[in-house]
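Reading through the structure tokens given below for one structure.
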Amino acid sequence: MKIAPSILSADFSRLKDEIQEVEGAGADWLHVDVMDGHFVPNITIGPVVVEWVRKVTTIPVDVHLMITDPDKYAPEFIKAGADWISIHPDTSANPNATLKKIRELGAKTSIAVNPDVPLGHVENCFGDIDMVLIMTVFPGFGGQAFIPDVLAKITAARILIAERKLPILIEVDGGIKTDNIARVVQAGGNVIVSGSGIFKTPDYAETVRQMRAAVARS
Ligand code: DX5
Ligand code: ZN
């Protein structure tokens, strides 16, 4: 299991310290939520910030694009240092082509599945992805409540990926905290995003330790 803290819930006035603290706490990846005020009703950060994030961390930078024009902007995020790019399928006229282009530019690819979207909707992208991003909240804001109905979809993804022997990771994003992470991992998640579940706690190392312990116990 990899833990990917979402910097959306970090204190941006001390972003470097927050990133280094969470990295020191045992984070495996950094999750960066990019929102444009069009695809979702919130605006966050752009490639300029990713460029600085890249300079202060050594772990993979996982960029989650919640924007209407990934074809135009994914290359800029890759240039800024993103290792992973997730796109939402309905933001591209041809998701397979967008994913192929992202791979050509040297980043790993992922397709996001919103809580109300069936897995079948993105199955035709499975040849072009390194990861599927299963949303357990509707994208737009940090700190929302986890939607437990999505657990069945995580398991369905795990079964499909195992049956077809595909080298695809399952990332789960939204509302994950120490008290529900074990259920997510048991269902099949192996890259776990947590924003408020880490950054709104007083001791990141202790929170990450508790998350790993909860998974180990389950
Ligand atoms: C939601 C974002 C998530 C979110 C995670 O639009 O994609 O990454 O910020 O934050 P928490 O863990 O607080 O739900
Ligand atoms: Zn995200």
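The values are calculated or read from the model by the stated rules, or taken from the named source; none is laboratory data. Just so you know, these numbers come straight off a predicted model, no measurement behind them. Counting neighbours? That spans all protein chains shown, and the Cβs are built from the backbone with ideal geometry, glycine included. These accessible areas exclude ligands, DNA and RNA; they are computed on the full protein's heavy atoms, side chains included. Shrake-Rupley method; radii C 1.70, N 1.55, O 1.52, S 1.80 Å.
Which FRET efficiency, nearest 0.05, do residue 152 and residue 201 yield, Cβ-Cβ r, R0 22 Å?
With a Förster radius of 22 Å, E is 0.20.
Note on residue 177: lysines with a C-alpha under 29 Å away, same-chain residues under 8 apart excluded, are 2, 16, 55, 108, 153, 200.
Projecting the Cα atoms of 147, 159, 174 onto the charge dipole of region 131-209, computed from C-beta unit charges around the Cα centre, puts 159 farthest toward the positive end. Amide H contacts of residue 194: 4, 6, each under 5 Å away and 5 or more positions distant or on a separate chain (H built 1.01 Å from N in the peptide plane; Pro and chain starts excluded). Among 120, 197, 142, the largest mean-square fluctuation in a Gaussian network model of the chain, built with springs joining Cα atoms closer than 10 Å, belongs to 120.
Per residue, the solvent-accessible area of the chain (1.4 Å probe, heavy atoms of protein chains only, all protein chains present) comes to 43 Å². With a Förster radius of 25 Å applied to the beta-carbon distance between residue 83 and residue 164, the computed FRET efficiency rounds to 0.55.
With 0.36 nm allotted per residue and the present C-alpha distance subtracted, the residue 212-residue 71 stretch has 47.1 nm of extension available.
Overall, the chain carries a charge dipole of about 500 debye about its Cα centre when +1 sits on the Cβ of Lys and Arg and -1 on the Cβ of Asp and Glu, all other atoms neutral. Only helical runs count toward this figure. For the chain, summing -39,500 (n - 2.57) over DSSP H runs of n ≥ 4 and dividing by all residues gives -10500 deg cm²/dmol at 222 nm.
Could you tell me what percent of the accessible area of the chain is made up of carbon and sulfur, with a 1.4 Å probe and every protein chain present? Kindly include the intermediate steps, with their values, before the conclusion.
Working: 5030 of 9390 Å².
Exposed carbon and sulfur together represent 54 percent of the surface.
Helices assigned as whole DSSP H runs in the chain whose Cα atoms extend at least 15 Å along their own long axis and whose mean Kyte-Doolittle hydropathy is 0.0 or higher are found at 151-163. Among residues other than residue 142 with Cβ under 11 Å from its Cβ, the summed charge is -1 (Lys and Arg +1, Asp and Glu -1).
Of interest is the spacing of the C-alpha centroids, which for region 160-196 and region 39-112 amounts to 20 Å.
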